[in-house]
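Visitor: Below are the structure tokens for one structure; questions will follow.
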């Protein structure tokens, strides 16, 4: 039996997920995979600097897998956990509804027009939720 067959049920009390089944976030909640954010110390040639966040991002626009590299300035206001631990990001239709019962890492924000984001904490890992509108 693989490691993903642990007794943990995600706190929902639901039946344990089997290997061929998609995760609850996509199968039941309707969340859609958007990207995987990976912190790095490497300078990358296609970096874009996000001044308000004190971070450089790269890779998202060209990665067929949605990988986004994140390099942070020493004075970045982004929480340390997000600067150190990779995060999964999901697109949601209703950010407020998706946040019900979740542990927030800071307040929801709008990094650009038409996009609202929030970071939540799941088992010590940050998860980003994005709503486009």
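Visitor: Using a 7 Å offset from the Cα along the Cα-to-Cβ direction at both residue 79 and residue 15, what is the distance between the two label points in nm, to one decimal?
Guide: Here the answer is 3.4 nm between the modelled labels.
Visitor: How much length is gained on full extension from residue 99 to residue 41, taking 0.36 nm per residue of separation minus their Cα-Cα distance?
Guide: Extending this stretch completely gives an extra 17.8 nm.
Visitor: Here's another thing I want to ask about it. Enter the mean projected area of the convex hull around the alpha-carbon atoms of the chain, in nm², rounded to one decimal.
Guide: About 9.3 nm², averaged over all directions.
Visitor: Taking the Cα of residue 50, stepping 7 Å toward and past its beta carbon, and measuring to each backbone N in segment 99-113: which are under 15 Å?
Guide: Label zone hits: 105-113.
Visitor: For segment 31-132, give me the percentage of DSSP beta bridges that are antiparallel, rounded to the nearest 5 percent.
Guide: 75
Visitor: Cut-off is 10 Å between beta-carbons; in what order do 55, 119, 125 appear when sorted fewest neighbours first?
Guide: Result, fewest neighbours first: 125, 55, 119.
Visitor: Let me ask something additional. Taking 8 Å as the Cα distance limit and 6 or more residues as the minimum spacing, I'd like the relative contact order of segment 31-132 as a percentage.
Guide: Across segment 31-132, relative contact order equals 26 percent.
Read the figures in this text as sums done on the coordinates, not as results from a lab. Worth saying up front: this structure is predicted, and the values here are computed from it rather than measured. Please note: Cβ atoms are built from the backbone with ideal geometry, for glycine as well, and neighbour counts cover all protein chains shown.
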